[in-house]
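The values are calculated or read from the model by the stated rules, or taken from the named source; none is laboratory data. None of these values were measured; they are calculated from a predicted model. Every residue, glycine as well, gets a Cβ built from its backbone with ideal geometry; the counts of neighbours run over all protein chains shown. All accessible areas refer to the heavy atoms of the entire protein, side chains included, with ligands and DNA or RNA removed. Shrake-Rupley method; radii C 1.70, N 1.55, O 1.52, S 1.80 Å.
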Amino acid sequence: VARNADALQTGLGEAPGEGLPADEALLRAARQGDQQAFRRFADRHGHRIYNTAWRLTNDRHLAEDIAQEVLVRALRRDVGDEGSLAAWLYVVARNLALNACRSRRRRRVAGTVREAHVSAAGSDPSASLAGRELSDAVRSAIADLPEPQRAALVLVKYEGLGPDRIAEILGCTRDAVKMRVSRAMAQLRRALAGHDRNEEETS
Amino acid sequence: MSACDRWRDSLDAYVADMLDPNERVELERHLADCPACRRAVEASRQTWSDLDAWQDAPPPAGLADAALNRHASRGRIFRIAWPAVAAAGVALAFAAWSWYRPADRPTPAPLVHGGRQVEVSEADRAVIEHLDLLEEMPMLAEFDLVRRVDMLRTLDRLGLVEASAEEKRL
């Protein structure tokens, strides 16, 4: 699941191959009213955008809202250079998600946001029961982390960013990022201790 | 402070690949000699790989269409708003032009009388600056008289007034 910065730049291997219209071409067509072109663009990037927003907010409705917003902004975006579009999409998704987390924290709705027991692994019917349980346990344990720790952990683990970049995004020092990840990992270790992984490993 | 104490907070960062190269080398040297820290790193690695279990979820169906609707609804707002924005812009531009126009006039030279600068109102200044017109006043009055006599004669022809009597009066 971990991604690296190179994958981010190239759009996670989803860069259009031979014969496929490029992202900008799809967006141009969409701007002229070609809805099918826009759906293809959304199919190409929606998955990654949605999951970035979901992992950072741990809220499916918010993630859907953010994914819609990112796609709309892409449609309204000034035509830029092709290479940066994929990276731009995920940066916008990440910023919107982090802003949503901050305002949620300000509203004190919940320092820890736990979705009702919606199975995250429902998308993958082939996953074993133990695999789904571990997936839910991980999601739930991450949801229980304090917001700053969760943001740091998700950015390093699921977005594949380095400590300097994360420090820049979260507005703290590199040492603070390491400390947040370290504390998050300690809490996750306790939360996931004793979870049966044997079945999951054989699946 | 023991070596283990020094590294305790860095073990997770090591597993997460967040250490500087120098720190990493130093920690690995310590790990080679310290079974307790090696066990802690192993536990951290287990947790780190457990996190891979959080699988991606498919985006909700109809995401693109929902985005298109959102885009269209904003477009409508803009379509309604543009004429109003344009009208407001024109009004503002006119107001600004009206406001600034007097400033565009050249500032009249200060009036000096008896070696002193004299404060005069705008209206007074207009009269003073057009004094030459006063000299033309008799001629203008003459013109006016001719025009009125002319009108009387016209009325006389129509039988409406007795022009000669009125002409005498004028």
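Key figures for this structure:
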read-out: Whichever residue in region A:24-67 is over 20 Å from the mean Cα position of the chain (by Cα) and acidic (Asp, Glu) and, among such residues, is least open to solvent (accessible area, probe 1.4 Å); value: A:GLU24
read-out: From B:VAL15, B:VAL25, residue being at pLDDT 95 or above and more than 9 Å from chain A (Cβ to nearest Cβ); value: B:VAL25
read-out: Any hit, region A:38-48, residues being at pLDDT below 85 and over 18 Å from A:GLU159 (Cα atoms); value: no
read-out: Answer from A:LEU188, A:LEU161 - the residue that is in a helix (DSSP H, G or I) and either buried (at least 18 other Cβ atoms within 10 Å of the Cβ) or facing chain B (nearest Cβ under 8 Å) (or both); value: A:LEU188
read-out: Tabulated pairs, region B:58-74, first under 15 Å from A:LEU27 (Cα atoms), second surrounded by 14 or more Cβ atoms within 10 Å (Cβ to Cβ) and of a type in the set (Lys, Arg), C-beta under 6 angstrom, 6+ apart or interchain; value: B:ALA64/A:ARG39
read-out: Helices (runs of 4 or more DSSP H) completely within region B:1-51 that count 2 or more residues being touching a Ser or Thr at 6+ places or on another chain (Cβ under 9 Å) and under 25 Å from A:LEU134 (Cα atoms); value: B:11-15
read-out: Pick from region B:14-27, criterion free of Cβ contacts under 8 Å to residues at least 12 places away in the same chain, over 12 Å from B:ALA3 (Cα atoms) and of a type in the set (D, E, K, R), ranking: most open to solvent (accessible area, probe 1.4 Å); value: B:ASP17
read-out: Subset of region A:81-114 (residues that are surrounded by 16 or more Cβ atoms within 10 Å (Cβ to Cβ) and modelled with pLDDT under 75); value: A:VAL113
